[in-house]
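Data first, discussion second: the structure below is written as structure tokens.
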Amino acid sequence: MPSDTAQQVITLLQTAGVLTPEAAVRALGPGTQHDGNLLQTLLASGALSFADLQDTLLLYGQLADSNMLGAASPLAVAEDTVDGVSQTVDEYRIDDAQLRAFLLQNGRLTQEQCTTALQAQQHTGHPLWRTVINLQLLTPQEVAEIIKTHGHMPSEQHTQKAEDAAASPEPGRALVPAAQPEVRQRVIAIDETANAVQIVNTIFEGAVQARATDIHIEPQVPHMRVRYRIDGMLFDVLTVPQPLETSIISRIKVLADMNITERRLPQDGRLSFRLGEHEYHMRAATIPTAHGEKLVLRLLMPSNVLTGLKQLGLETDDEQRLRSLIAKPQGMILVTGPIGSGKTTTLYAALHEVNILTNNIVTIEDPVEYQLTGINQVEVDTKIGLSFASGLRSILRQDADILMVGEIRDVETATVAVRAALTGQQLFSTLHTVDAPSAITTLGNFG
């Protein structure tokens with residue numbers, strides 16, 4: 001049975017017409033499992049949509065301003081308390097990416113809860129701290145305490161250091177003057193005096209701090225748009241005046257050893273940069289569009305390579321099933337899913353588990369994103385005829401115990417991979433599909 005407080009929330013949602021009694025029973029009935037957070041349970045079960053929740057919260061806000069709801073309502077958040085959190089956020093200059101990192105690193109939110117908050121944020125437009133409060137994931141007091149504990153007050157010395165760094169052209173060091181509170185709307189204003197080198201360095205540093213997986217630089221009218229992909233979702237982080245578009249793209253192409261005069265054909269490249277004591281690598285790809293070259297950078301951070309299946313965050317039963325599969329001496333294990341779903345991460349975690357001295361492990365990848373100790377990695381090079389299929393045939397003559405094919409893309413690779421799995425080797429690979437059952441259909445379509 002829901003508690004009195006939960007029952008008040010249910011009554012409010014039903015009064016607003018966004019939750020039916022039947023949906024509430026299905027989501028919260030005796031036979032269901034949930035983590036005790038009412039709103040998250042309703043959202044996860046599909047009984048309540050983000051849009052309906054947003055409308056209800058907006059309606060409640062209007063009623064609360066008119067004192068038409070009593071203080072006993074569970075959605076009531078004292079305005080002075082919220083104002084206090086907002087003031088704390090401004091004082092400590094905490095943006096959404098920093099707050100998200102604090103919440104995950106300290107276990108205050110799970111990855112699932114964080115994803116729920118980010119999805120809700122897309123509908124409401126509220127900053128992250130307000131969203132987690134509205135979803136009842138944390139109280140205003142808890143949010144303020146987290147910010148004060150893990151943030152730091154900007155001092156005059158820190159401000160001076162940031163200004164000095166902005167004047168330095170060293171890659172990974174230069175900074176565009178810090179954004180004002182607009183950063184909470186994920187739009188960072190740039191100083192008019194900033195040059196292309198400083199802007200590119202700022203984009204790179206911001207991506208590392210936000211733990212982004214990809215950077216999208218897209219020429220638009222009237223401004224060029226820069227977006228980060230964080231947890232699978234794209235967020236606008238920067239707008240750049242159109243006159244600087246060509247300079248920024250050219251700067252990155254020089255770093256990636258691309259042809260800066262060729263703007264009509266797609267290009268690929270790699271680049272590295274240092275930030276503090278750490279070195280980071282990126283994979284760059286350009287494509288011509290109607291308004292200029294669009295550039296996408298994949299951020300490759302060695303710290304993201306998992307050292308075991310434990311870090312995948314699987315349920316205990318699923319982890320045990322996966323361990324039993326990779327322990328088998330032969331067969332094929334396919335990791336499926338859309339782009340950015342974590343296929344490569346899962347494969348590397350599995351390879352770490354089986355990477356022991358008695359195994360000869362050989363991989364063929366396009367490209368080799370992370371170098372793994374003790375594993376022989378081969379990179380595809382179609383210019384010289386080294387494809388997945390031809391490379392895999394050669395690997396079969398290398399007395400390999402375990403094979404890893406970065407991706408099965410065609411019938412030839414699929415045929416060789418299946419034969420390898422049937423003749424005594426264990427083979428790991430990936431397929432681009434919507435879900436796991438679709439892998440059978442995809443392999444069938446290969447012929």
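The values are calculated or read from the model by the stated rules, or taken from the named source; none is laboratory data. Remember, it's a predicted structure, so these values are computed and weren't measured experimentally. Here Cβ is always computed from backbone atoms with ideal geometry, including for glycine, and neighbour counts include all displayed protein chains.
Here's the yes/no breakdown for (1) closer than 24 Å to R298 by Cα; (2) not acidic (D, E):
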position: H352; (1), (2): yes, yes
position: L357; (1), (2): no, yes
position: G385; (1), (2): no, yes
position: D401; (1), (2): no, no
position: E412; (1), (2): no, no
position: R419; (1), (2): no, yes
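Counting only residues that are modelled with pLDDT under 70, part of a helix (DSSP H, G or I) and out of contact with any helix residue (DSSP H, G or I) (no Cβ under 7 Å at 6 or more places or on another chain), how many does the range 117-139 have?
The number of residues fulfilling the criteria is 1.
Could you look through the range 265-289, keep only residues that are at pLDDT below 90 and in a loop (DSSP other than H, G, I, E, B), and pick out the one that is nearest to P222 (Cα to Cα)?
Here the residue is G276.
Step by step: first the residues of the range 415-444, then only those that are exposed (fewer than 13 other Cβ atoms within 10 Å of the Cβ) and over 31 Å from the mean Cα position of the chain (by Cα), then the one that is modelled with the highest pLDDT. Which residue is that?
Top of the filtered list is L422.
Please state which of the following conditions M332 fails to meet, knowing it meets all the rest: (1) assigned to a loop (DSSP other than H, G, I, E, B); (2) surrounded by 14 or more Cβ atoms within 10 Å (Cβ to Cβ).
Only one criterion in (1) assigned to a loop (DSSP other than H, G, I, E, B); (2) surrounded by 14 or more Cβ atoms within 10 Å (Cβ to Cβ) is unmet by M332, namely (1).
Residues to consider are R321, R298; find the one that is under 18 Å from K343 (Cβ atoms), modelled with pLDDT of 90 or more and surrounded by 14 or more Cβ atoms within 10 Å (Cβ to Cβ).
Among R321, R298, only R298 is under 18 Å from K343 (Cβ atoms), modelled with pLDDT of 90 or more and surrounded by 14 or more Cβ atoms within 10 Å (Cβ to Cβ).
For the condition surrounded by fewer than 16 Cβ atoms within 10 Å (Cβ to Cβ) and at positive phi, what is the one hit in D381, D410, D399?
Being surrounded by fewer than 16 Cβ atoms within 10 Å (Cβ to Cβ) and at positive phi holds for just one of D381, D410, D399, which is D399.
What helices (runs of 4 or more DSSP H) lie completely within the range 143-258 and have 2 or more residues being modelled with pLDDT under 85 and surrounded by 18 or more Cβ atoms within 10 Å (Cβ to Cβ)?
In the range 143-258, 156-166 are the helices (runs of 4 or more DSSP H) which contain 2 or more residues that are modelled with pLDDT under 85 and surrounded by 18 or more Cβ atoms within 10 Å (Cβ to Cβ).
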